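Please treat every number below as a calculation from the coordinates, not as lab data. Here the structure is a predicted model, which is why all the values come from computation and not from measurement. Virtual Cβ from ideal backbone geometry, glycine too; neighbours counted across all protein chains shown.
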Amino acid sequence: MSWVRSGPVLFDLPESTAAFTAAHSARVYSTVTWLCDQLCAVAAGLIDSIPTPRTKVSLSVAARVFAWHADQWRALIPESVLLEDDRRAAPGPAARKALADLAGAEPLVRERSLRALVHEMRNEIDRLTAMLSPVSDGAAARLATVLHADLGRLSEALEG
């Protein structure tokens with residue numbers, strides 16, 4: 001699995017570095033939520049196909065971490081009937097393809113594929129964090145910091 005980057009892929013971050021609007025927040029936080037939900041399901045679904053106990057434990061932890069983050073990001077999505085389309089946002093085709101590739105990967109490369117996706121997600125979190133205002137986006141900035149740290153720990157655990 002390889003990624004060729006030509007801009008934001010996983011979270012569909014806005015091109016502008018201006019402060020997030022409520023619509024930007026709803027769209028980006030929804031995509032992070034969606035991706036965490038999907039990664040939880042994929043990680044949990046891979047557990048039975050992995051022969052090594054250590055990797056099974058790492059995938060189980062990954063599934064729980066992604067589920068927790070999905071819940072946390074979901075709670076940050078601004079609520080407004082005017083933002084319904086943004087609140088239902090999901091990542092674009094590149095993120096969907098990365099997930100499909102991970103889910104369909106051969107058992108011997110699944111761990112490496114998940115690690116690569118976690119690494120890419122960590123890079124996207126860095127870009128997201130740089131865009132967030134410490135004042136108006138403080139809760140999201142703190143959660144992004146925790147997600148970044150958790151992704152680092154998951155990556156290390158998957159390396160074994």
Pairwise Cα inverse-distance average, inverted: Kirkwood Rh of the chain (Å): 15.9 Å
Taking the dipole about the Cα centre of the chain, with the C-beta of Lys and Arg at +1 and of Asp and Glu at -1, give me whichever of L39, L143, L158 is farthest to the positive side. L158
Mean 1/r over all different Cα pairs, inverted: what Kirkwood radius does the range 20-111 give, in Å? 14.1 Å
Nearest 10 degrees is fine. How inclined is helix 93-104 to the longest principal axis of the chain, computing both from alpha carbons? 20 degrees
Calculate, in nm to one decimal, what V109 and A139 gain on full extension: separation in residues at 0.36 nm each, minus their alpha carbon distance. 7.2 nm
For T21 and S60, calculate 0.36 nm times their separation in residues minus their Cα-Cα distance, and state this gained length in nm to one decimal. 10.5 nm
Roughly how many debye, to the nearest 20, is the charge dipole of the range 115-160 about its Cα centre, given +1 on each Lys and Arg Cβ, -1 on each Asp and Glu Cβ, and no other charges? 60 debye
Assigning unit charges at the beta carbon (Lys, Arg +1; Asp, Glu -1) and nothing else, what dipole magnitude in debye, to the nearest 20, does the chain show about its Cα centre? 300 debye
Relative to the longest principal axis of the chain, what angle (0 to 90°, nearest 10) does the C-alpha long axis of helix 22-46 take? 10 degrees
